[in-house]
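Undergrad: Let me give you the structure first, and then I'll get to my questions.
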Amino acid sequence: MRRAITMLVLLELVSMALSNDIYAQLPFEPFVAYSDNPVLPSDSGSWDEYAIWWANVISVDDTFYMTYMGTNDFPDTPLAIGLATSSASDGFNYVKSLSNPIIAGDGTGFDAYNVTTSVLFCESSTWYIYYAGRSSAPNQQGNIIGRAISNISPHGPWTRSDDTLLAVGNVGEWDSGYIGPLSIIISGSVLFMYYWAGMTFPINPQIGLAFSTDDGLTWEKYDDPTTTSPPYAESDPVLKSDEDYDILGIFGCTVSLHDEKWEMFYGGKKDDAQKTISICYAKSEDGVIWNKDDLNNPIFTPLQDPLAITVIEQPAVVRTDSLYFMYYDYFITPDGIGLATAEVIDTMTSGEVLAGNIPLTFSLRQNYPNPFNPKTRIKYSIPQTSKVVMKVFDILGNEIETLVNEEQQVGTYEIAWYTEELPSGVYFYQLRAFDPSTGSGQDFCETKKMVLIK
């Protein structure tokens, strides 16, 4: 069993020394599923009564705008795109547009048959919707990305363009089967478009990137010059399915740029037999080279939403000053969009104390993720210099491991615990704090339960 890393600052040092894929501190607290999910359900008798899938959400002028694809009879009725809105001060209650569906196949052009994944973008009071379309059956993901423009509102009316902004690659390339836009980011004078694509739907999708320097009129796919053979001869994904938590494909993502920090939330498929898809996290310094958070991934699993079965995909994430709103769909059941929220964590100063948030009381927080396999994180706060001892026990009360046994200063700490050699079951972790001058005179003791599932 690997030893526990007992302080956040040590985690950061190990991360820097060993791998930039490992992050000691996520910028958010654990995500918690909304108790009244789904926040956007299907409506009986409507155009989207069969399914609501693959939402994207942006925040403009204190309003959340959510686009999504829906149908009333899959696969017989082609997919179309709808819109719903919520106040940014709310985020839990959405109202569907009276113009729905706002974009649908119109019998001509690249989107004659159906339209699928979409993302809104607003600049200088002009609205753009980028979306994927197919000119003919089957009713599945599109093979061309185009866009429509509205000078009025995202509810429309929309003026379409039949121009091909991006298309699938040639036969043998990684993106030769299907393609769909997921996020549009502006950085300086350059637009970044992140899209998902693959060879054969829905086998092993990955995340690609394209750039535009003329306000979205033309786009060029990212191409690593060091890869010159298929399937990466023409272009390259910026996020590949190459870890145990996403090895079978990446099902959707949201990319955000906040305070010059790039974040990506994405759906990682781990298990084909169970079709297990969870939400994962990655960071970037430039929006091109992405580092997955191997220490904490996945950050949110179907076990954490009572409505989910084995799939939560296409995370659509919006960040406010205090909360991350993460929307996702359940694939089949229920028919609608779910929501989980997480509190924003302030930047760490010394690697121990939360900036502007000196703890006033002792506290031991629930480990995350929970249930977990094989790693989890535990956070606790110390309001005064204390001798701190944290231990793990099995369900019979046998001591398994000592995670912390040292004097610590005021601050909020986090540990990572690896449990590769232990069997599945219920375990308990206990935090005790003492007067460091005497080693006695107990100030605090609390025990919490965690579940290991293998």
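The values are calculated or read from the model by the stated rules, or taken from the named source; none is laboratory data. None of these values were measured; they are calculated from a predicted model. FYI the Cβ positions are ideal-geometry reconstructions off the backbone, even for glycines, and counts take in every protein chain you see.
Undergrad: Quick one: how many residues across region 281-292 are crowded, with 21+ Cβ neighbours inside 10 Å and either among the charged types (D, E, K, R) or more than 12 Å from the chain's Cα centre (by Cα) (or both)? Lay out the reasoning, then the answer.
TA: So the first thing to find is which residues in region 281-292 are crowded, with 21+ Cβ neighbours inside 10 Å, and the list is 281-282, 290, 292.
If we keep only those that are either among the charged types (D, E, K, R) or more than 12 Å from the chain's Cα centre (by Cα) (or both) as well, we get 290, 292.
Residues that pass the stated criteria total 2.
Undergrad: Quick check: anything in region 134-146 over 22 Å from Met199 (Cα atoms) and either in a loop (DSSP other than H, G, I, E, B) or of a type in the set (Ser, Thr, Tyr) (or both)? Quick ask: steps written out before the conclusion?
TA: First, the residues of region 134-146 that are over 22 Å from Met199 (Cα atoms): none.
No, that holds for no residue.
Undergrad: Turning to a different aspect of this structure: Determine which member of the set Leu239, Leu257 is buried (at least 21 other Cβ atoms within 10 Å of the Cβ), touching a strand residue (DSSP E or B) at 6+ places or on another chain (Cβ under 8 Å) and either touching a residue at least 24 places away in the same chain (Cβ under 8 Å) or in the same structural domain as Pro298 (by TED's automatic domain parsing) (or both). Spell out the reasoning first.
TA: On the way: Leu257 fails: buried (at least 21 other Cβ atoms within 10 Å of the Cβ).
Answer to the check: Leu239.
Undergrad: Provide a single number: the residues in region 84-132 that are in a loop (DSSP other than H, G, I, E, B) and either within 23 Å of the chain's Cα centre (by Cα) or not aliphatic (A, V, I, L, M) (or both).
TA: As a first pass, look at region 84-132 and keep what is in a loop (DSSP other than H, G, I, E, B): 88-94, 97-102, 104-113, 124-125.
After this cut, where a residue has to be either within 23 Å of the chain's Cα centre (by Cα) or not aliphatic (A, V, I, L, M) (or both) as well, the list is 88-94, 97, 99-101, 105-111, 113, 124-125.
Residues in region 84-132 being in a loop (DSSP other than H, G, I, E, B) and either within 23 Å of the chain's Cα centre (by Cα) or not aliphatic (A, V, I, L, M) (or both): 21 in total.
Undergrad: Okay, next question. Looking only at region 176-190, count every residue that is touching a Phe, Trp or Tyr at 6+ places or on another chain (Cβ under 9 Å) and modelled with pLDDT of 95 or more and tell me the total.
TA: Qualifying residue count, region 176-190: 9.
Undergrad: Can you tell which of Ser59, Ser99, Ser89 is of a type in the set (S, T, N, Q) and touching an Asp or Glu at 6+ places or on another chain (Cβ under 8 Å)? Break it down into steps so the answer makes sense when it comes.
TA: Working: Ser59 fails: touching an Asp or Glu at 6+ places or on another chain (Cβ under 8 Å); Ser99 fails: touching an Asp or Glu at 6+ places or on another chain (Cβ under 8 Å).
Within the list Ser59, Ser99, Ser89, the selection yields Ser89.
Undergrad: Just give me the residues in region 320-331 being assigned to a strand (DSSP E or B) and either at pLDDT below 95 or polar (S, T, N, Q) (or both), in sequence order. Give the derivation first.
TA: Going residue by residue through region 320-331, those that are assigned to a strand (DSSP E or B) are 323-329.
Answer for region 320-331, where residues must be assigned to a strand (DSSP E or B) and either at pLDDT below 95 or polar (S, T, N, Q) (or both): just Leu323.
Undergrad: OK, next. Just to confirm my filter: which strands (runs of 3 or more DSSP E) fall fully inside region 381-433 and include at least 3 residues that are at pLDDT 90 or above and either farther than 17 Å from Tyr368 by Cβ or touching a strand residue (DSSP E or B) at 6+ places or on another chain (Cβ under 6 Å) (or both)?
TA: Values: elements: 386-394, 399-408, 411-418.
So the answer is 386-394, 399-408.
Undergrad: Filter region 265-289 down to the residues that are free of Cβ contacts under 8 Å to residues at least 60 places away in the same chain and in a strand (DSSP E or B) and list them by number. Let's see the steps before the verdict.
TA: Taking region 265-289 first, the residues free of Cβ contacts under 8 Å to residues at least 60 places away in the same chain are 266, 268-278, 280, 282, 284-286, 289.
Listed by number, the residues that qualify are Tyr266, Gly268, Lys269, Lys270, Asp271, Thr276, Ile277, Ser278, Cys280, Ala282, Ser284.
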